[in-house]
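A short write-up of the structure that comes next.
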Amino acid sequence: MGKLELEKKYEDQVLKCSRCGFCRTICPTFEAKDFLESYGARGRMILLKAVDEGKIQLNQIQSDQSLVDRIFTCTLCGACMETCPSKVDYIATMEAARAGLVKLGLAPPDFDEFGKMTLEKGNVLGQDNARRMKWASKLDNIKVNEPAETLYFVGCNVMRPRVRPMATAAGKVLQAANVDFAVMGEDEWCCGLVFINTGHLDVAKEFAKHNIELIEKINPKRIVTICPGCAQAIQHYEHLVGWNPGDIQIIHAVEYIAELLDQGKFTFTKEFNGGSKVAYHDPCELGRQMGVFDAPRKILNAIPGLEWVELENNKELSHCCGGGSGLQGIDTELAREVANYRLKEVQDAGADVLVTACPTCRSNFLDTIKQNNLAIKVMDIHEILAQALE
């Protein structure tokens, strides 16, 4: 067994951690694991330091499994970075550590096979990629791989029946604003973020190269996604494979729709009737990591008849949904336990509808609500918009 290799800039981040413990007040997996140190951000940095100093040997099966479990069960939500006085780049350091463990053959079980399957199928669900266009069955005149000002990158999650309405709703909104947009159709492949997050960079690079070829064919001014992870991944292609996006704007749909609202592109004719009180959940990738807080709130404020509230932990300090960074597949029980804490906030706020702008958040919340038989409805912000336009 070789040594875990980290670039010096990441070794420096490990040493930069002052072990103050401020991150313990906000780390979702630390909380969900009954405050076990090794499941918190500080604990994970201590583990990496111990590995670097040889105090944890990577040739002992038990220590290998425990280390992999701790490093790969972080959701990479970034909440710890909001409270860190030393400003440790925790997310990048964890991703680098995971990439190093993958090189050593130490990754969560079945993840290598998962990568091969995703490359073969073009999506993380292992389904026929032709199913990507089911969301568009009720929409007319969708351009596929044709030049357009806007590329609508729909993502893998739209192949799930529960997520498909999100993609349809966003498409309806773009059409209502007369946006010239195209999609990649069944030629679109996974954005690759889950493989960037989990250190399987060779797999992620294959997805990036494939998608870049299609992006350059469509030649858009902007790329719009309904999944924050997809937007992050495409933004990461420059670092991953050296792609220069030039002047292409890569944004989440709520950012673009908020711009269209400002331009007076919409007229709302229908009041919201989806529930008595709505709570908005800031997805970690969209909010903390991309800095998009105002756009979804502007959209919610524009919907007639919609009463919404902020959750106790919101914006930069929003509580993670639990589904990020592949945790739903690595440790489903932990992912749902993290979601429980957020859903308790929804109940405490007196809301019966939880609105988000991320398909991963939506899926993990729905699974957790079903498991615990909770009376909470989950909606995507694009669905609310589309209903108000009807």
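The values are calculated or read from the model by the stated rules, or taken from the named source; none is laboratory data. If you're wondering where the values come from, they're calculated on a predicted model, not measured in any experiment. Reconstructed Cβ throughout: ideal geometry from the backbone, glycine too, with neighbour counts over all protein chains shown. What goes into the accessible areas is simple: the full protein's heavy atoms, side chains included, and nothing from ligands, DNA or RNA. Shrake-Rupley method; radii C 1.70, N 1.55, O 1.52, S 1.80 Å.
Things worth noting here:
- Structure-based [θ]222 nm, the chain - -39500 (n - 2.57) summed over DSSP H runs of at least 4, per residue, nearest 500: -14000 deg cm²/dmol
- Spin-label model, K87/D112: points 7 Å from Cα along the beta carbon direction are separated by 4.0 nm.
- Among R162, R342, R24: highest mean-square fluctuation, GNM of the chain, C-alpha pairs under 10 Å: R162
- For C190, the residues whose amide H sits under 5 Å from its own are N123, ignoring neighbours fewer than 5 places away on the same chain, with H placed 1.01 Å from N.
- Couplings for the range 134-147, taken from phi via the Karplus curve 6.51 cos²θ - 1.76 cosθ + 1.60 with θ = phi - 60°, read 4, 4, 8, 4, 9, 10, 9, 6, 8, 6, 10, 6, 10, x Hz in order; Gly and Pro are left as x.
- Calculated P(r) of the range 320-390 - Cα pairs past 15 Å, %: 52
- Seen from V355, the other residues with C-beta closer than 10 Å to its C-beta sum to a net charge of 0, counting Lys and Arg as +1 and Asp and Glu as -1.
- Highest average first, the peptides 222-233, 140-151 ordered by how many other beta carbon atoms sit within 10 Å of their residues are 222-233, 140-151.
- Amide H contacts for V144 (H built 1.01 Å from N in the peptide plane; partners 5 or more residues away or on another chain; cut-off under 5 Å): V183.
- For the set K33/K344; K209/K265; K33/K116; K121/K370; K265/K315; K270/K315, the pairs lying more than 25 angstrom apart at their alpha carbons are K209/K265; K33/K116; K121/K370; K265/K315; K270/K315.
- Amide H to amide H distances under 5 Å link V353 with K277, A279, K377, where only residues 5 or more positions off or on other chains count and H is placed in the peptide plane.
- Per residue value of the accessible surface for the range 171-330 (all protein chains in place, 1.4 Å probe), Å²: 39
- Solvent-free Debye scattering, log10 I(q)/I(0), computed from the Cα coordinates of the range 244-309 at q = 0.12 Å⁻¹: -0.38
- Here the range 135-274 is treated as a Stokes sphere of Kirkwood radius computed over C-alpha pairs; at 37 °C and 0.692 mPa s its diffusion coefficient rounds to 210 µm²/s.
- Shown in residue order for the range 303-315 are the 3J(HN,Hα) couplings computed by the Karplus curve 6.51 cos²θ - 1.76 cosθ + 1.60 at θ = phi - 60°: 7, x, x, 9, 9, 10, 10, 7, 6, 4, 9, 9, 6 Hz (x for Gly and Pro).
- Table column - 3J(HN,Hα) (Hz), the range 152-165, Karplus curve with 6.51, -1.76, 1.60, x for Gly and Pro: 8, 8, 7, x, 5, 4, 5, 7, 7, x, 6, 9, 3, x
- Here the extension length gained between Y341 and L36 equals 108.1 nm, from 0.36 nm per residue of separation less the Cα-Cα distance.
- Point-to-point label distance, D69-D180, nm (Cα→Cβ direction, 7 Å offset): 5.6
- Kirkwood hydrodynamic radius of the range 83-170, from inverse mean 1/r over distinct Cα pairs, in Å: 16.4
- Multiplying the residue separation of L317 and R162 by 0.36 nm and subtracting their alpha-carbon distance yields 53.0 nm.
- Across every direction, the projection of the convex hull enclosing the Cα atoms of the range 254-390 has a mean area of 7.8 nm².
- Hydrodynamic radius by Kirkwood, which averages 1/r over all alpha carbon pairs of the chain, in angstrom: 21.5
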